[in-house]
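Novice: Got a structure for you, questions after.
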Amino acid sequence: MTKPPKKTSDKELTVLEHLEELRQRIIQMLLVVTVAAVAVYFFVDPLLEIILQPLQASGERVYFLSIPGAFLVKLKLAVLCGVIIGFPVLFWHSWAFTAPGLYDHEKKIVKKLLIPSAVLFLCGVSFAFFGIVPFAVKFFLQFQNAALRPLISVEEYISFVGGLVLAFGLAFQLPVLMVGLVYLGVLSTEVLRRGRPFVVVGIMVASAVLTPPDVVSQILLAIPMWGLFEGSLFVARLTELKKARNHEK
């Protein structure tokens, strides 16, 4: 089956013009993250208190280990929040850059997935922060004893929390990716079902790459990703059936 004709633009861009467009979009994305980070920085102290709550609930304190450490931690936290807040804009710019090379039906499905993608990213971030981080903190701190007392660096703690939060936000994009590829005909649910063992291995590898270097964090990410895969497979199957019915009409 041949693809439908691509929607042509009034002007075909040269390679240099594409690179200039990419540069402009990267600048705009960085500007969005910067503005959001600056706005967050004015409220960074109460935000830091909230993020440190799992440690404070365990009776632990955190320390900064260098002279600029406190400032750098607040700056890192502001930038992290800037990325989270600006994610919908970052996603949109990424889509807008590739849109001229897409077919009309491909543009249509990507537009439909923009809002679900942003919602799922925020769901992943919330799930990590409110569910996974408190559990991980309590789990790891239980291994202390009279000879092993924690001296927790706030820099490492923020990196640990930030890594988990971003990892879960990205992992929750799996349903969007799967449904989109099935709708476009790049993959089928039958292929995904047959490749389930390879998907599980891929999930474990992705979990190891995305999370901090400890087995517990990897498992805590891998289990929800597997659940997301199975749920996405069900939704993708419904998408296939709906697409087939539309073709029959």
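Novice: From the residues in region 59-75 that are buried (at least 17 other Cβ atoms within 10 Å of the Cβ) and touching a residue at least 60 places away in the same chain (Cβ under 8 Å), which one is nearest to the chain's Cα centre (by Cα)?
Specialist: Selected residue: Val73.
Novice: Next up: Here are some residues: Leu141, Leu122, Leu114, Leu170. Which one is touching a residue at least 24 places away in the same chain (Cβ under 8 Å), within 23 Å of Lys242 (Cβ to Cβ) and surrounded by fewer than 20 Cβ atoms within 10 Å (Cβ to Cβ)?
Specialist: Within the list Leu141, Leu122, Leu114, Leu170, the selection yields Leu114.
Novice: Assuming Tyr183 fulfils every condition listed in (1) crowded, with 21+ Cβ neighbours inside 10 Å; (2) at positive phi apart from one, which condition is it?
Specialist: (2)
Novice: Shifting gears a bit: Output yes when any residue across region 26-41 is surrounded by 12 or more Cβ atoms within 10 Å (Cβ to Cβ) and under 29 Å from Phe143 (Cα atoms), and no when none is.
Specialist: No, region 26-41 has no match at all.
Novice: While we're here: Considering only region 86-101, I want to know if a residue exists there that is surrounded by 15 or more Cβ atoms within 10 Å (Cβ to Cβ), outside any helix (DSSP H, G or I) and either in contact with a Lys or Arg (Cβ under 9 Å, 6 or more places away or on another chain) or not β-branched (Val, Ile, Thr) (or both).
Specialist: No, region 86-101 contains no residue that is surrounded by 15 or more Cβ atoms within 10 Å (Cβ to Cβ), outside any helix (DSSP H, G or I) and either in contact with a Lys or Arg (Cβ under 9 Å, 6 or more places away or on another chain) or not β-branched (Val, Ile, Thr) (or both).
Novice: Quick one: in region 76-101, which of the residues that are in contact (Cβ under 8 Å) with a residue 40 or more places away in the chain and of a type in the set (Phe, Trp, Tyr) is farthest from Pro150 (Cα to Cα)?
Specialist: Among those that are in contact (Cβ under 8 Å) with a residue 40 or more places away in the chain and of a type in the set (Phe, Trp, Tyr), it is Phe97.
Novice: Looking at Ile203 and the list (1) closer than 22 Å to Ala128 by Cβ; (2) of a type in the set (Val, Ile, Thr); (3) without any contact (Cβ under 8 Å) to a residue 40 or more places away in the chain; (4) surrounded by fewer than 19 Cβ atoms within 10 Å (Cβ to Cβ), which single condition is not satisfied?
Specialist: Going through the list (1) closer than 22 Å to Ala128 by Cβ; (2) of a type in the set (Val, Ile, Thr); (3) without any contact (Cβ under 8 Å) to a residue 40 or more places away in the chain; (4) surrounded by fewer than 19 Cβ atoms within 10 Å (Cβ to Cβ), Ile203 breaks only (4).
Novice: What's the total number of residues in region 30-83 that are of a type outside the set (Asp, Glu) and in a loop (DSSP other than H, G, I, E, B)?
Specialist: 11
Novice: Can I ask one more? Condition first: closer than 30 Å to Gly131 by Cα, among the acidic types (Asp, Glu) and either touching a Cys at 6+ places or on another chain (Cβ under 7 Å) or modelled with pLDDT under 80 (or both). Now tell me which residues in region 209-249 satisfy that.
Specialist: Passing the criteria: only Asp214.
Novice: Do we have any residue at all in region 8-20 that's at pLDDT 90 or above and under 27 Å from Leu90 (Cβ atoms)?
Specialist: no
Novice: Against the conditions (1) assigned to a helix (DSSP H, G or I); (2) of a type outside the set (Gly, Ala, Ser); (3) in contact (Cβ under 8 Å) with a residue 60 or more places away in the chain; (4) farther than 25 Å from Ala128 by Cα, where does His18 fall short? Just the number, please.
Specialist: All conditions are met except number (3).
Novice: Shifting gears a bit: Quick check on Ile152: is it farther than 19 Å from Val215 by Cβ and at pLDDT 85 or above?
Specialist: Yes: the conditions hold for Ile152.
Novice: Let me ask you something else. Of the numbered conditions (1) of a type in the set (A, V, I, L, M, F, W, C); (2) out of contact with any Cys (no Cβ under 7 Å at 6 or more places or on another chain); (3) closer than 18 Å to Val161 by Cβ, Val32 fails exactly one; give the number of that condition.
Specialist: Evaluating Val32 over (1) of a type in the set (A, V, I, L, M, F, W, C); (2) out of contact with any Cys (no Cβ under 7 Å at 6 or more places or on another chain); (3) closer than 18 Å to Val161 by Cβ leaves (3) as the failure.
The values are calculated or read from the model by the stated rules, or taken from the named source; none is laboratory data. Keep in mind the model is a prediction, meaning the values are calculated, not measured. Ideal geometry is used to build each Cβ from the backbone, glycine not excepted, and the neighbour counts take in all protein chains shown.
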